[in-house]
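Working notes, structure below.
Nothing in this text is a laboratory measurement; each read-out follows from the coordinates by a stated rule. Every value quoted in this text rests on a predicted model; they were computed, and no experiment measured them. Please note: Cβ atoms are built from the backbone with ideal geometry, for glycine as well, and neighbour counts cover all protein chains shown.
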Amino acid sequence: MGRAGRKAVAERLPQLRKDWRLDFVVVNGENATGGMGLSIGHSKILFEAGADCVTLGDHAFDQRDMMKGVEEDQRILRPLNYAAIAPGKGARLFDAANGKKVFVAQALGQVFMKKPFADPFSHLDQALKAAPLGKTADAVIVDFHAEATSEKMGMGHWLDGRASLVVGTHTHVPTSDTQILPGGTALQSDAGMCGDYNSVIGMEKMEPLRRFVTGMNKERFTPATGEATLSGVFVETDDKTGLAIDVVQVRQGGRLQQSGPA
Ligand SMILES: [Fe+2]
């Protein structure tokens with residue numbers, strides 16, 4: 001989320017990769033540029049910090065140059081149920097640094113979203129057929145970019161046993177339902193943002209408050225600039241099945257309570 005979020009990722013991710021021996025890192029970058037979309041330039045900062053894949057979201061193309069960026073850099077994914085004519089891809093099989101294959105897919109939810117996106121459940125069903133977990137893919141990561149926790153928990157159960165991790169993004173607020181579902185899929189309904197939490201979901205708080213209280217707009221939203229908390233989810237997978245054997249909520253720096261792998 002904005003400059004504060006980019007800084008937290010750039011400063012903290014290289015060390016996290018080392019300390020926790022991370023094999024593969026997915027960063028949701030959709031609000032990394034001024035809180036609206038992601039520019040090509042800022043995607044490079046996330047990759048240099050150690051991201052293997054960057055996902056977007058409903059704001060995928062708020063920065064115009066991402067129309068080109070998502071075609072030029074295959075490591076960037078936009079939601080697979082975005083407009084059919086949108087550039088780029090919504091899912092892809094990646095080679096992790098340790099030689100394993102990691103399939104990443106992103107889909108948009110339908111509940112409380114501004115646009116009526118196509119059914120994410122059937123789209124993910126179709127996408128996951130290309131890389132079955134424990135066969136073609138050693139790990140499957142699904143970024144479900146959606147507003148409602150109910151829809152995100154539902155997606156976790158729908159994909160239980162077919163993905164290593166279903167993690168929600170989009171609300172900017174981390175949830176505390178981190179768990180491994182009965183079929184072996186790790187779930188956290190929202191990863192939260194890498195951003196300044198002395199804010200309203202990452203935005204400088206005065207203008208959002210003004211709009212809530214008075215119903216009137218005065219200024220544009222601008223990202224809050226205090227120290228960011230890096231928020232995310234760590235998952236360890238079984239070498240044979242690709243299912244989760246451990247999942248931990250990650251929070252480092254900034255105002256939120258800290259947590260992460262021991
Ligand atoms: Fe979003």
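Just going by the charge dipole of region 134-200, with Lys and Arg at +1 and Asp and Glu at -1 on Cβ, which of SER150, VAL167, GLY184 is farthest out on the positive end?
In region 134-200, that residue is GLY184.
If you take every DSSP beta bridge fully contained in region 2-252, what fraction is antiparallel? Give it as a percent rounded to 5.
Counting only bridges with both partners in region 2-252, antiparallel ones make up about 45 percent.
Going by how many other beta carbons lie within 10 Å of each one, how would you line up VAL200, VAL104, fewest first?
If I rank by nearby Cβ atoms, fewest first, I get VAL200, VAL104.
Of ASP239, ASP19, ASP125, which is the most mobile in a GNM of the chain whose springs link Cα atoms less than 10 angstrom apart?
Evaluated over the chain, the most mobile residue of the options is ASP19.
I'd like to know which of LEU133, ILE45, MET216 lies farthest towards the positive end of the charge dipole of region 2-252, counting +1 on Cβ of Lys and Arg and -1 on Cβ of Asp and Glu.
About the Cα centre, the residue reaching furthest to the positive side is MET216.
First select every other residue whose beta carbon is under 11 angstrom from the beta carbon of ASP238; then total the charges, Lys and Arg +1, Asp and Glu -1.
Neighbourhood net charge equals -3.
Cut-off 10 angstrom, C-alpha nodes, Gaussian network model of the chain. Which of ALA118, ALA105, ALA146 fluctuates the most?
Sorting by GNM fluctuation, first place goes to ALA118.
Where in the chain lies the longest segment free of trypsin sites (Lys or Arg not before Pro) that are both loop residues by DSSP (not H, G, I, E, B) and have at most 12 other Cβ atoms within 10 Å?
Formally, the longest exposed-site-free interval is 136-217.
As a quick test, which of the pairs LYS18/LYS129; LYS44/LYS129; LYS114/LYS218; LYS7/LYS115 have an alpha carbon distance above 27 angstrom in this structure?
Those over the limit are LYS18/LYS129; LYS44/LYS129; LYS7/LYS115.
Exposure proxy check: LEU124, LEU56 ranked by fewest other beta carbons within 10 Å?
The most exposed by this proxy come first: LEU124, LEU56.
When only alpha-carbon atoms are used, what values of Rg and Dmax, in angstrom, describe region 2-252?
Using the Cα atoms of region 2-252, the pair Rg, Dmax is 17.2, 56 Å.
Please arrange CYS53, CYS194 by how many other C-beta atoms lie within 10 Å of their C-beta, fewest to most.
Listed from fewest to most nearby Cβ atoms, that is CYS53, CYS194.
Determine the calculated [θ] at 222 nm for the chain from helices alone, applying -39500 (n - 2.57) to every DSSP H run no shorter than 4 residues and normalising by the residue count; nearest 500 deg cm²/dmol.
My calculation for the chain gives -7500 deg cm²/dmol from helical runs alone.
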